[in-house]
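A.B. asks: Dumping the structure here so I can ask a few things about it.
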Amino acid sequence: MTATERRVPVGVAVTAVLALTLTACAKGEDGSSAAVGTGPAATAASVQPGGAGCTLAQTGYTKMDLRSAKIGFSQSEKEANPFRIAETQSIKEEAAKLGVPAANLLVTNAQSDLNKQVSDIKSMLDQGARALIVAPLNSDGLQPALDAAKAKKVPVITIDRKVTSKPCTDYLTFIGSDFVRQGERAADQMIRVTGGTAKVAILLGSSGNNVTTDRTKGFKDKVAGSSGISIVAEQTGEFDRSKGQTVMEQLLQSHPDLTAVYAENDEMGIGAVNAIKAAGKKPGEDIKIVSIDGTRNAVKLITEGSYNAVVESNPRFGQLAFQTLQRFLDGQPIPPNVIISDDEYDETNAASKLANSY
Ligand code: GZL
């Protein structure tokens, strides 16, 4: 698999996704986007073969002009993690580019509290939101909010994490990464940078969402085929830098023979770097580090030799989310999953691709 993974759309495609893919690819092979001042927008990578997709007529929802309607964005976690900052910025930038007045874009942040995310969404509906883009905190628990949107015939696009509710019935579609594949790609990098021999600790993401489950599954299934790699510990750092550092400090005490860390996001990986240094060891050398996201801080550490590889999880959903919403309003069929392509950084390209990180 090349460092930058691209899955070419194959076979008969649902028109909407094919058009999305073509539209997205029109932005350039590397997924680069016209958005000024930010890295490449997320672009649809795989085409969902088969299935008729979800249409406006099927849902009975009504057309609207996105430039004059109130649109709500529900963010899940606090804006401390660059992933969240870039994600929210992408939504705001795309809305502005489309001519949505700032007053018409309602933005809330659930601060990692599921009940707050439900009330945030209901509040935006009460304020007149006609369409919603939601970054779910968890895979379950949003149904009351989705039901409230359905009762008002407000389409909901979920981005970033998948919910267990029903596409086209409870929400329109999911736009996000293939997280199992991200875990596999991280494993490939781990096998490469360790020469196939390592005692690995996993810093797990927060529980209750498909991202943690899938990134763990992808990584474990892939390293299972590499006899020299053993997973000696796994513990959650809640996708948080300081928790990742604290957990890593503990793991270094309990497993002094650790030689590698797989962190399920960059923030925890950077926390691990701090813990490794405090223990008098060299991160990136004595202990290899592979993580997922593509934040500027982590990619910069690769260029400095203190980090080994990062699989991107592109948070810039703005362009694709609004494109998908517009295609739905134009009567086009929207597939249940729009899977985006993610890049990858290692010692061979981190310096040249640093500008793409966030
Ligand atoms: C992935 C997203 C994850 C990021 C983490 O789509 O849900 O949550 O990888 C974030 O940085 O906490």
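The values are calculated or read from the model by the stated rules, or taken from the named source; none is laboratory data. As the structure is a computational prediction, the values presented were derived from the model and not from experiment. We place every Cβ from the backbone using ideal geometry, glycine too, and count neighbours over all the protein chains shown. Accessible surface areas use protein heavy atoms only, side chains included; no ligands, DNA or RNA. Shrake-Rupley method; radii C 1.70, N 1.55, O 1.52, S 1.80 Å.
A.B. asks: Quick one: angle between helix 15-25 and the longest Cα principal axis of the chain, in degrees between 0 and 90, rounded to 10, please.
C.D. replies: With rounding to tens, the tilt is 60 degrees.
A.B. asks: Additional query: Starting from the Cα of A57, step 7 Å along the direction of its Cβ; do the same at K78; then give the gap between the two resulting points in nm.
C.D. replies: Those two pseudo-labels are separated by 4.9 nm.
A.B. asks: Amide H to amide H under 5 Å from Q111: which residues, 5+ apart in sequence or cross-chain, H placed 1.01 Å off N in plane?
C.D. replies: K78
A.B. asks: Ignoring ligands, DNA and RNA, please state the percent of accessible area on the chain from carbon and sulfur, probe 1.4 Å.
C.D. replies: Carbon and sulfur atoms account for 54 percent of the accessible area of the chain.
A.B. asks: May I pose another question? With labels modelled as points extended 7 Å from the Cα through the Cβ direction, what inter-label distance (nm, one decimal) is found for D126 paired with T164?
C.D. replies: Inter-label distance under the simple model: 2.8 nm.
A.B. asks: Considering amide H positions built from the backbone, and no H for Pro or chain starts, which residues 5 or more places from L106, or on another chain, come under 5 Å of its amide H?
C.D. replies: Sorted by chain and number, the residues that satisfy this are I71, G72, F73.
A.B. asks: Hey, another quick one. Pick from G141, G318, G237: which residue has the top mean-square fluctuation in a GNM of the chain where Cα pairs under 10 Å get a spring?
C.D. replies: Maximum fluctuation in the GNM of the chain, among the listed residues, is at G141.
A.B. asks: Taking the chain as a Gaussian network, Cα atoms linked when under 10 Å apart, which of S230, S68, S242 shows the biggest mean-square fluctuation?
C.D. replies: For the chain, modelled as a Gaussian network with Cα springs under 10 Å, the answer is S68.
A.B. asks: If you line up the Cα atoms of region 256-298 on their principal axes, what length do they span on each, largest first, in Å?
C.D. replies: 27, 15, 14
A.B. asks: Can I ask one more? In whole Å, how far is the Cα centre of region 321-341 from that of region 187-210?
C.D. replies: Measuring centre to centre over Cα atoms gives 33 Å.
A.B. asks: Moving on to the next point. Exposed loop sites here are GluC sites (Glu not before Pro) in DSSP loop states with at most 15 other C-beta atoms within 10 Å. What is the longest stretch of the chain lacking them?
C.D. replies: 80-284
A.B. asks: Sticking with this one: Over what distance in Å are the Cα centres of region 90-147 and region 150-183 separated?
C.D. replies: 13
A.B. asks: Let me ask another. Need one value: the accessible area of I292 in square angstrom, 1.4 angstrom probe, rounded to the nearest 10.
C.D. replies: 0
A.B. asks: Okay, moving on. Using only the alpha carbons of the chain, determine the length spanned along each of the three principal axes and report them from longest to shortest in whole angstroms.
C.D. replies: So the three principal-axis extents are 61, 41, 35 Å.
A.B. asks: I would also like to ask the following. Just to confirm the number: angle between the C-alpha axis of helix 318-329 and the first principal axis of the chain, 0 to 90 degrees, nearest 10?
C.D. replies: For 318-329 against the chain, the angle is about 30 degrees.
A.B. asks: Here's something else I'd like to know. Find the Rg to Rh ratio for region 179-312, where Rh is the Kirkwood radius over alpha-carbon pairs and Rg uses the same atoms.
C.D. replies: Answer for region 179-312: 0.92.
A.B. asks: If I model region 297-358 as equal point scatterers sitting on the Cα atoms and use the Debye formula, what is log10 I(q)/I(0) at q = 0.21, 0.26 Å⁻¹?
C.D. replies: Taking Cα atoms of region 297-358 as identical point scatterers yields -0.79, -1.02.
A.B. asks: Quote the relative contact order of region 182-229 in percent (integer), defining contacts as alpha-carbon pairs under 8 Å separated by 6+ residues. Working shown, then result.
C.D. replies: Working: 47 pairs, mean separation 28.3, N = 48.
Once divided by the residue count of region 182-229, the mean separation gives 59 percent.
A.B. asks: Taking Cα atoms, how many degrees apart are the long axis of helix 266-278 and the longest axis of the chain, rounded to 10 and kept between 0 and 90?
C.D. replies: 20
A.B. asks: Any chance you could run the full-extension gain for K282 through E304? It's 0.36 nm times the residue separation minus the Cα-Cα distance, nm to one decimal.
C.D. replies: In short, 6.7 nm is gained.
A.B. asks: Suppose R0 equals 22 Å; then what is the FRET efficiency for S119 and I85 from their Cβ-Cβ distance, rounded to the nearest 0.05?
C.D. replies: 0.45
A.B. asks: Between T348 and K152, 0.36 nm times their residue separation minus their Cα-Cα distance comes to what? Walk me through the intermediate numbers first.
C.D. replies: Values: separation 196, 0.36 × 196 = 70.56 nm, distance 5.08 nm.
Taking T348 through K152 to full extension adds about 65.5 nm, to one decimal.
A.B. asks: Further question on the same structure: With Cβ to Cβ distances under 10 Å as the rule, what net charge do the other residues near T236 carry (K, R +1; D, E -1)? Walk me through the numbers before you get to the answer.
C.D. replies: Working: positive: K243; negative: E234, E238, D240, E264.
Around T236, the charge tally is -3.
A.B. asks: Multiplying the sequence separation of H255 and S226 by 0.36 nm and subtracting their Cα-Cα distance, what value in nm do you get?
C.D. replies: Full-extension gain reported as 8.4 nm.
A.B. asks: Averaged per residue, what accessible area in Å² does region 215-326 show with a 1.4 Å probe, protein chains only?
C.D. replies: Ligands and nucleic acids excluded, the figure is 35 Å² per residue.
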